[in-house]
Each structure stands twice: as C-alpha cells, then as structure tokens.
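Working notes for the structure below.
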Amino acid sequence: MKLVNAVRLTGALVAGVVLSLFAGTASAAPVGTPTGTTISNLATVAYSVNGVSQASIGSSAAGNTSGAGTATTFVVDTKLSLVVTTVDSSEVLVAAGQTGAVLVYQVTNNGNSTQGINFSTVQEATNTLDPFNAALKDDFDPTSPTVWVSSSNVNTYNSATDTSHSLFSLASGSSNYVFIVSTVPAGQVNGDIAVEALVAQEAATGANYAAGAGASITTDQSGSAWTPGTAQQIFYDTAGGAGDGDAANDGKASSRDAYLVRVAALTITKGTPVVLSDPTGDAIKHAIPGAVMQYTVTIANAATARLNASSITLTDALPANTSWGTSGAGTMTVATPGVNSGNPLSCPDGSVTTGTVTGGVPYTADSCDFNKTTANTITVSGITLKPGDTTTIVYTVTIN
C-alpha cells in the first residue's frame, strides 16, 4: 500500500534577512505590490458660476460638496502562490539498501507576501508514470522519506547543517532548495522505480528557524465579499499530479521526482587451469603429480552496470591435493584498474601486500595475500570496479 507521509515542519529559512545561518540566501524583488499596501487617490473638480471661478471640490467615497475631500482607499489583498520544481534532470540512481538517497527540489514564493511553508511527501501509487520516462512506472516505496531544507540555499544536501523541516519565512519572489531524503529497501532489483512528490503548503510565518513555520493556511477567501480595507487571502496556484493531494487554488504546490535502482553487474570467472610444467619434461604437458598449474580468476563489472562496485573481496581456498605455488613458493599477481599504474601487483609469500592508488576516485588501494588473512586461502580485497572494469588474479599450485 502506498502511503502519504505528512511532515509538520519545524525549522526554516528567512529570505532577505541577514543571518549567519543563511549566509547563502539572496534577496529577490517582490512579485507585485506587497500585500496590505494602501492604494489611494483623489479626484478634483474645478468649475465656474456665471463666469466666476469657484473653489475646487475634492472627492470622497460618500460624496463631497465642498472642500478638499477625502481620498478613496483600499488595501492590496494577499496573493498566495507557490511553485515547486524538480531540480534533478533525470532519475536519481540509487543502490538497493542505500541510505541517504536524495531528491532535490526548489520552492519559489510567487505571491506578494512573506510566507512560512510547510511540506509533506507523497509516495506515488504503484504504476504511476516516471516523470522523466513514460515507459517506466513506480513499483516500490522507499522508507522513511524525510523533508529537509537547505540552510544555505544550495542544491546539495548537507546532513550536518540542513536540519530544518520547513521554511519559517520565505520572502516574495524568493526561492530555496528542499530535499527528500530516503532509504532504499535492500530487496530492490535493477530497474525498480520509486516516484516521490514534494508538496508545499502555504503557512503563517514562524518566529525563527528553530520554531519553524506556523499553522498551514487552508482557507481561500476568494469566495468572500471583497472588503476594501482588509487584506484578504487569495489562493492562486495550479493543480499538481493526480494523487498528490494538490488541487488548483488550494494553497499548495507540488512536483515529482524519481529514484531508479541500479546495481553493479559483476561476473566472476575462474577458468580451467593451464598446465605450466610437469615432471616428465615432455613437450605436451599433463596434469600429473608434480605438475604446476596456473589459475586465472577475473572479476568484471559490466559496461552496462551504471554503478561502481566497491569493497570487493575475493577469497579462494587452495584446492585439495595441491600445494601452494612451486616447491612451496607462491606466485600470485593482481591486475586491477586504478592501482599501480596498471602494472600487476605482485603478492609474495609471508605478508599482506598493498597496492598504490594511481587512478584517483573512486579507486581504492587493494591488498593480496595467501595464508595470512585466512589460513590456506588466497585473499584479495579493497577492489573498486567502475562499469567496464576488470580485475585479473593469477596464481599457481603444484599437484601433490
């Protein structure tokens, strides 16, 4: 069953106010005349009687017969208008079991007043179309989707500083970045899709960042009689997608994003060994006792995998009826991308040997040994393979 996760927002951002916490926030020009602005004007009539000029008469709302009159006034109503846009240009690639998976949105206040904003998330129903690719459909829910607001108005989530769930004050014409951060269930498979919506709700401004936004504004006064001296609240927004709980002119705005599960596609191959030598010295070598056999093991991440495979560890126990290497002295090499400038790492007996990273991120140093990490076993660890990469391990044994 799909769930709607409402988040009462506590925390936020003041747009246009100089606070060290929001050093990255820039002021913006208000959208339209600010709410509550008094607009007034006065009409004046000049006239003559029997050719004699008379004193001008100023207008008034009730009608004036003499004197300067009184200006006719009204106040500008509050236009409540939010827009939420998805910043990600395609599905966010995630791995099964990943924590801290981030979707990025931007919320903009297109109204004419400073507002607080509360947020909620919607996990879209199964078979909801992927917003980036109509050929793909929602088929799983991430867990614990949580809304966080950028403390510095940047589109990169920072778990240490982005600790607010709401915008307690967003000025007219200003915008800020908002994130949905979720966990991908461990059982998801390659190609699974989760469609998530961020819903923004107009709210009263809060006192400060820690206190968060005030109560959500849910009453639209567009159907009430116009009151010239009162700033009435008028919703002006479009409907979101079906299932988002975001109708037209309801004080809300929403947008959809999606997670796409991608997995590394590892293939491990251990081919039939090659007979390097046998005790007979014959031209055609055979696997008789005393023969030296060479094994080759390859670990490949498919070019179509889309994601790196990291922290790869290979273990290979010495086969029964064999001895390590030749006359008890082992020979093993490990060739892996991003380590030792492409030269195979030699793994002599008696120690754990570690290579040097030469390929930069995401590669890490790998290590290799026999009979040190695990008794009578080859261990190669620390391997990282980008899509299309292959690691090759070569070692020898002697048949007893």
Original post:
Any idea what Rg and Dmax come out to for the range 205-270 if you just take the C-alpha atoms, in Å?
Top reply: 22.3, 84
**OP:** Please give every one of the aspartates and glutamates within straight-line cross-link reach of K386, meaning a C-alpha to C-alpha distance under 16 Å, and leave out same-chain neighbours fewer than 8 residues apart.
**Re:** D366
Original post:
Between S66 and A247, how many nm apart are label points set 7 Å from Cα along the C-beta direction?
Top reply: 5.7
Original post:
Which distance in Å, rounded to a whole number, links the C-alpha centroids of the range 29-79 and the range 167-243?
Top reply: 39
Original post:
Once you treat every alpha carbon in the chain as an equal point and sum by Debye, what is log10 I(q)/I(0) at q = 0.07, 0.08, 0.14, 0.15 Å⁻¹?
Top reply: -0.56, -0.65, -1.12, -1.21
Subject >> GNM result for the chain, Cα springs below 10 Å: residue of D130, D282, D316 fluctuating most strongly >> reply: D282
Subject >> Spin-label proximity, T267 to the range 363-393 - amide N less than 19 Å from point 7 Å beyond Cα toward beta carbon >> reply: 384-393
Subject >> Cross-link partners of K137 among lysines (Cα-Cα below 27 Å; sequence separation of 8 or more within a chain) >> reply: K2, K252
Subject >> Nearby aspartates and glutamates by direct alpha-carbon distance to K79 (threshold 16 angstrom, same-chain neighbours under 8 apart not counted) >> reply: E202, D220, D237, D250
**OP:** Specify the residue with the greatest mean-square fluctuation among N50, N176, N118, computed from a Gaussian network of the chain linking alpha-carbon atoms under 10 Å apart.
**Re:** N50
**OP:** Once you've got the GNM for the chain with C-alpha springs shorter than 10 Å, pick whichever of V181, V292, V189 has the biggest mean-square fluctuation.
**Re:** V292
Original post:
Using a basic spin-label model with each label point 7 Å from the Cα along Cα→Cβ, how many nm lie between N400 and A283?
Top reply: 3.5
Subject >> Unit charges at the beta carbon, dipole of the range 281-390: most positive-side option, A335, S367, A309 >> reply: A309
Subject >> the chain, accessible surface, carbon-and-sulfur percent (1.4 angstrom probe) >> reply: 54
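What is the sum of charges, Lys and Arg at +1 and Asp and Glu at -1, for the other residues whose Cβ falls under 13 Å from the Cβ of A335? All intermediate terms of the calculation are to be shown ahead of the outcome.
Details: positive: none; negative: D366, D389.
Residues close to A335 contribute a combined charge of -2.
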Original post:
How much accessible surface area, in Å² rounded to 10, belongs to the heavy atoms of S222 with a 1.4 Å probe?
Top reply: 70
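The values are calculated or read from the model by the stated rules, or taken from the named source; none is laboratory data. None of these values were measured; they are calculated from a predicted model. Neighbour counts run over all protein chains shown; Cβ positions are idealised from the backbone, glycine included. Areas reflect the complete protein model, heavy atoms only, side chains present, ligands, DNA and RNA absent. Shrake-Rupley method; radii C 1.70, N 1.55, O 1.52, S 1.80 Å.
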